[in-house]
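A short worksheet on the structure shown next.
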Amino acid sequence: MTSKSDVLNLLDSRKPGYALERAFYTDPDIFQMDLEHIWYREWLFAGHEFELPKTGSYFTLQIGEYPIMIVRDEKGNIRAMHNTCRHRGSRICKHEKGTSAKLVCPYHQWTYGLDGHLLFARHMGDSFDKSEHGLRTIACEVFEGTIFICLADNPPDFNLVRQHVAPYLGIHRLKDAKVAFETTVIEKGNWKLVWENNRECYHCAANHPELCKTFPEAPSASGYAGGEIDPEVTDLWDACEAAGIPSRFKVDDSGQFRTTRTPLLNAATSYTMDGKVAVAKPLSDARGVSNVGALLFYHYPSSWNHYLLDHAVTFRVLPISATETAVTTKWIVHKNAVEGVDYDIDRLTHVWIETNDQDRQVVEDNAAGIQSPAYVPGPYSELHEGGVMQFIEWYAAFITPRLRGKTASPLLSVA
């Protein structure tokens, strides 16, 4: 059994600029510590407000050991609750999404209102107090059409995220959107490997021919390669910000979340094989700017996102086990865009369908190699893998003090 002191020793002895030891990607005990000290304590991307279009709409998700349901109540508010009946613990909502006037446990028909209060429980006796048996709630925040939840009893201050990100998302009109297509890919690799692969494009030229038609692989094209920034990036920032569109690279002090707008290759406006828009009815308000590039929003540990002129692509990362991770991708278009008229599903999704499958293979090959006892952590490329190093620094900075029983995480110096 791997103890906290074992993990702390590995963290204390790790070599800066190098990958983590094998156990961080394979050990079930360390995975459980990741859940308890990061996934159960941080704000997590859950989904979008427009996925709950009317009273009683809900969707469910699994975060580690916790089944969760997100519901729109009678007053139009979005609520997050544990999907666990207060009687004997049965799951209440068994489907991934749906609509229900009440939340009824299928086991013994205990019935809850959409706000979680217990309304009805058969044959429980005169001394039974319904008010003491409502569903357990979860901290939930909604901004610019995006839903975040936190399982902690005392969540971190979400205003840090809201104040940072909301101005960037404003033009992308996520409140007036819908999901055109959705997939979930199970990657047979640790959640940290999924993130490490995402945080660099060192692998892109050899593995992502479709994405590389529009997305620039050079680190300097995203605005955070050791201070070096391509002129095309600053030109885009200047044009957008002159029109009141926040665009410059910005990261919070802890390194947990960041935003930046980046130009696509060859003046492309969308992630398509020819670089032209995939949706005729734009999702975003360009405010007179001919090309707004792609807004990238990362939030550890659960989400990265790409917002374009015509559509958006959001990604949710959820850990399943030490060696399995679920990545859910949603292609988002304007709510009035009509399939077959304003967009073609294959054209809209082709680039990221291919890229996601390629990334799955890359992560699984990486995970298979790390399983070998011969694995020794190697050095990251300072030129191409600065984002990976930053992610590992964030991970170590957040989990180390918590394993020691402290609550605060140090601020990071982030390029």
Inset, instruction - Check every DSSP H run in the chain and write down those whose alpha carbon atoms cover 18 angstrom or more along the long axis and whose mean Kyte-Doolittle hydropathy is -0.5 or greater. - result: 386-403
Legend entry - For the chain: rounded, prolate or oblate by the Cα gyration tensor [a/c cutoff 1.5]: oblate
Legend entry - Once exposed loop trypsin sites (Lys or Arg not before Pro) are cut out (DSSP; at most 13 other Cβ, 10 Å), longest piece of the chain: 137-275
Inset, instruction - Determine, from the Cβ-Cβ distance of THR184 and ASN207 and an R0 of 30 Å, the FRET efficiency 1/(1 + (r/R0)^6), rounded to the nearest 0.05. - result: 0.90
Legend entry - Two-site FRET efficiency, HIS87 against LEU403, from Cβ-Cβ distance with R₀ of 41 Å, rounded to 0.05: 0.70
Inset, instruction - For ASN291 and GLU65, compute 0.36 nm times the residue count separating them, minus their Cα-Cα distance, and round to one decimal in nm. - result: 77.0 nm
Inset, instruction - Work out how much length ALA139 to ASP157 would gain on full extension: take 0.36 nm times their residue separation and subtract the Cα-Cα distance, in nm to one decimal. - result: 5.4 nm
Inset, instruction - At 7 Å along the Cα-to-beta-carbon direction for both LYS250 and ASN77, put a label point, then send me their distance in nm to one decimal. - result: 2.8 nm
Legend entry - Average Cα contact separation per residue, the chain, under 8 Å, 6 or more apart, as relative contact order %: 19 percent
Legend entry - Amide H contacts under 5 Å for ALA177, placed H, 5+ residues apart: LYS335
Inset, instruction - Compute the Cα gyration tensor for the stretch 227-320, then decide on rounded, prolate or oblate, letting a ≥ b ≥ c be the square roots of its eigenvalues: rounded whenever a/c is under 1.5, prolate when a/b is larger than b/c in the other cases, and oblate in all that remain. - result: oblate
Inset, instruction - Decide, for the stretch 1-90, between rounded, prolate and oblate: order the square roots of the alpha carbon gyration tensor eigenvalues as a ≥ b ≥ c, take rounded if a/c falls under 1.5, and otherwise choose prolate if a/b is larger than b/c, else oblate. - result: prolate
Legend entry - Span from the the stretch 136-213 Cα centroid across to the the stretch 233-261 one, whole angstrom: 17 Å
Legend entry - Hz values of 3J(HN,Hα) by residue in the stretch 70-75 - Karplus curve (6.51, -1.76, 1.60), Gly and Pro given as x: 10, 9, 9, 8, 5, 8
Legend entry - Directionally averaged shadow of the stretch 160-370, computed from the convex hull of its alpha-carbon atoms, nm²: 11.5 nm²
Inset, instruction - Could you pull out every residue, at least 5 positions away or on a different chain, whose amide H is within less than 5 Å of the one on GLY134? Hs are placed 1.01 Å off N in the peptide plane, and Pro or chain starts have none. - result: LEU118
Inset, instruction - Per DSSP H run of n ≥ 4, the term is -39500 (n - 2.57); total these for the chain, divide by its residue number, and report the mean residue ellipticity at 222 nm rounded to 500 deg cm²/dmol. - result: -7000 deg cm²/dmol
Legend entry - Alpha carbon centroid spacing (whole Å) that separates the stretch 305-343 from the stretch 280-300: 15 Å
Legend entry - In sequence order, calculated HN-Hα J values of the stretch 63-69 (Karplus, 6.51, -1.76, 1.60; Hz; x Gly/Pro): 10, x, 8, 9, x, 10, 10
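Read the figures in this text as sums done on the coordinates, not as results from a lab. Quick caveat: nothing in here was measured; it's all calculated off a predicted structure. FYI the Cβ positions are ideal-geometry reconstructions off the backbone, even for glycines, and counts take in every protein chain you see.
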